[in-house]
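The values are calculated or read from the model by the stated rules, or taken from the named source; none is laboratory data. On a predicted model such as this, the values are computed, not experimentally measured, just so you know. Backbone-built Cβ (ideal geometry, glycine too); neighbour counts: all protein chains shown. In case anyone asks, the SASA skips ligands and DNA or RNA and just uses the protein heavy atoms, side chains included. Shrake-Rupley method; radii C 1.70, N 1.55, O 1.52, S 1.80 Å.
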Amino acid sequence: PGRAKRLLLSRLFQPLSLPMGSEEGWEGRPGEPTCRSQRLMLQGGLIHPASPGCYCYLPPTVRAMEKLVRVMDEEMQAVGGQKLNLPSLSSAELWRASGRWDQMGPELFRLLDRHKHSYCLGPTHEEAVTELVASQSNLSYKQLPLRLYQITRKFRDEPKPRFGLLRSREFYMKDMYTFDTSEEAARQTYDQVCDAYCSLFSRLGLPFVKVRAATGSIGGTMSHEFQLPADVGEDRLVLCPEGHFAANVETLNGEQTSCPTCGEKLTETKGIEVGHTFYLGTKYSSVANAVFFSPENKTQLVQMGCYGLGVTRILAASIEVLCTEDSIRWPSLIAPYQLCFIPPKRGSKEEEEGVARLERVYDDLAEALPHLAGDLVLDDRTQLTIGKRLKDANKLGYPYVVIAGKRVCEDPPVFEVWNQNAGEVLFLTKEGVIELLSKVQVP
């Protein structure tokens with residue numbers, strides 16, 4: 001009594017269609033996966049296609065996403081972020097006032113309500129949040145800076161959705177909007193949020209680069225992208241090998257081939273954009289008349305910035321850059337489950353003793369490290385060999401796998417432990433397993 005109920009793999013809603021061997025699978029058939037992360041996420045029962053560019057996120061994906069959101073919350077709150085939630089339905093009036101109703105063209109999902117009022121499904125929320133702040137008619141300089149953010153579903157009518165969650169029509173994004181008293185203060189905020197993004201990607205162990213970027217339909221005068229270099233990336237980047245300069249090719253005038261700082265030859269690579277920051281100035285505050293009272297009691301327009309992180313895109317992009325040809329690899333911080341236990345095969349000579357001893361490790365681990373209790377899975381498909389289940393565990397990317405193998409009947413019992421991210425196999429007692437897992441962090 002009081003012990004955590006064991007989580008059995010057979011009870012998880014994760015419809016696997018893992019390939020048996022190295023068959024070609026789906027590549028090249030129309031409407032089928034076009035990149036590794038998409039193929040692995042479909043095979044691993046992480047996503048299910050609902051309509052072009054729209055996916056059902058299955059329970060393991062939701063677990064990974066919730067962990068990622070917790071890490072984002074920590075980083076945003078460390079820079080004074082306050083979380084809110086703005087409506088997905090956004091009035092056309094707001095968008096017409098900013099000029100983006102026409103500028104965004106067919107990218108906006110547009111609809112009419114029963115009273116014939118026009119709305120769009122928000123791809124981003126500059127207009128809505130600026131109107132919210134503008135409605136505070138007595139805003140004082142003492143209440144600034146304001147750093148407001150949300151993590152919600154966004155909608156974009158992509159002409160060609162592809163690459164699974166990397167380019168979809170419905171997705172999750174973290175968007176922060178900042179309001180400052182002066183350009184100088186707004187630029188300090190910009191640097192702080194960029195530093196928070198660097199911290200986030202470093203904690204996830206992702207090989208990111210921050211590059212100079214174009215401002216596009218969001219506008220403003222300064223912009224950077226956070227990119228994960230990857231062959232499947234849709235952005236072309238140029239990088240200084242010494243790290244002095246990095247830019248999206250679209251920002252360069254003509255053919256710039258050498259670093260403006262050190263003169264080294266620039267290298268070109270492709271990248272997946274996972275974050276984007278913009279210094280907006282008064283582009284939106286001047287339209288909505290979002291003002292504050294200065295120390296002299298005069299009204300002044302707030303200076304704004306906006307900052308996006310693709311939540312579902314980071315999940316898919318991290319799999320894309322970390323995975324092997326046929327195995328998912330997660331940033332260990334956000335893996336859906338940290339540990340898979342594999343008991344002996346049904347009918348084997350280790351079965352009786354091995355199952356009991358492995359279950360004891362599960363229970364003792366959950367008790368000793370309660371923060372990991374919900375992160376443990378027992379692969380109870382004992383009709384399958386240990387090898388087959390280990391192969392599946394490897395494909396699904398559990399950071400750790402604990403097996404009751406040949407040495408489980410020794411005294412004391414010894415377990416085979418696969419540390420997937422370090423690529424090593426250890427033989428440990430129960431105490432050794434608990435010691436190893438005590439270093440694991442979950443947000």
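Brief remarks on what is shown
Rundown of residues vs (1) part of a loop (DSSP other than H, G, I, E, B); (2) at pLDDT below 95, yes/no style:
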position: ALA247; (1), (2): no, yes
position: ASN253; (1), (2): yes, yes
position: GLN256; (1), (2): yes, yes
position: CYS262; (1), (2): yes, yes
position: LYS270; (1), (2): no, no
position: HIS276; (1), (2): no, no
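- Wholly within the stretch 77-144, strands (runs of 3 or more DSSP E) carrying at least 2 residues that are not assigned by the TED database to the domain that holds THR181: none
- Residues in the stretch 382-412 that are out of contact with any Ser or Thr (no Cβ under 7 Å at 6 or more places or on another chain) and either of a type in the set (Gly, Ala, Ser) or farther than 30 Å from MET41 by Cβ (or both): GLY387, ALA393, ALA404, GLY405, LYS406, ARG407, VAL408, CYS409, GLU410, ASP411.
- Residue match in the stretch 384-406 (condition: on the phi > 0 side of the Ramachandran plot and surrounded by 17 or more Cβ atoms within 10 Å (Cβ to Cβ)): yes
- On inspection, VAL62 fails the criterion of being β-branched (Val, Ile, Thr) and closer than 25 Å to GLU127 by Cα.
- Pick from the stretch 56-72, criterion within 22 Å of GLY275 (Cβ to Cβ) and free of Cβ contacts under 8 Å to residues at least 60 places away in the same chain, ranking: most open to solvent (accessible area, probe 1.4 Å): GLU66
- Close Cβ contacts (under 7 Å, 6 or more residues apart or on different chains) running from residues in the stretch 184-204 that are within 22 Å of LEU144 (Cβ to Cβ) and among the hydrophobic types (A, V, I, L, M, F, W, C) to residues that are in a helix (DSSP H, G or I) and open to solvent by 10 Å² or more (accessible area, probe 1.4 Å) comprise ALA196/GLU75; ALA196/ALA78.
- Residue that is nearest to TRP95 (Cα to Cα), among those in the stretch 202-243 that are polar (S, T, N, Q) and out of contact with any helix residue (DSSP H, G or I) (no Cβ under 9 Å at 6 or more places or on another chain): THR215
- Summed over the stretch 40-55, residues that are open to solvent by less than 20 Å² (accessible area, probe 1.4 Å) and either of a type outside the set (Gly, Ala, Ser) or more than 17 Å from SER318 (Cβ to Cβ) (or both) total 7.
- Subset of the stretch 174-191 [part of a helix (DSSP H, G or I) and open to solvent by 10 Å² or more (accessible area, probe 1.4 Å)]: GLU183, GLU184, ALA185, ARG187, GLN188, ASP191
- Being open to solvent by less than 50 Å² (accessible area, probe 1.4 Å), closer than 28 Å to ARG39 by Cβ and assigned by the TED database to the domain that holds GLY99 holds for only one residue in LEU266, LEU237, LEU252, and it is LEU237.
- Only one entry of ILE334, ILE328, ILE342, ILE319 meets the criterion of being buried (at least 21 other Cβ atoms within 10 Å of the Cβ) and farther than 22 Å from LEU8 by Cα, and that entry is ILE319.
- Residue count for the stretch 1-27 under the criterion of being of a type in the set (S, T, N, Q) and at pLDDT 90 or above: the result is 2.
- Flag for LEU301 being assigned by the TED database to the domain that holds GLU74 and either over 24 Å from ASP191 (Cα atoms) or open to solvent by 10 Å² or more (accessible area, probe 1.4 Å) (or both): yes
- Any hit, the stretch 113-121, residues being modelled with pLDDT of 95 or more, of a type outside the set (S, T, N, Q), under 23 Å from the mean Cα position of the chain (by Cα) and open to solvent by less than 50 Å² (accessible area, probe 1.4 Å): yes
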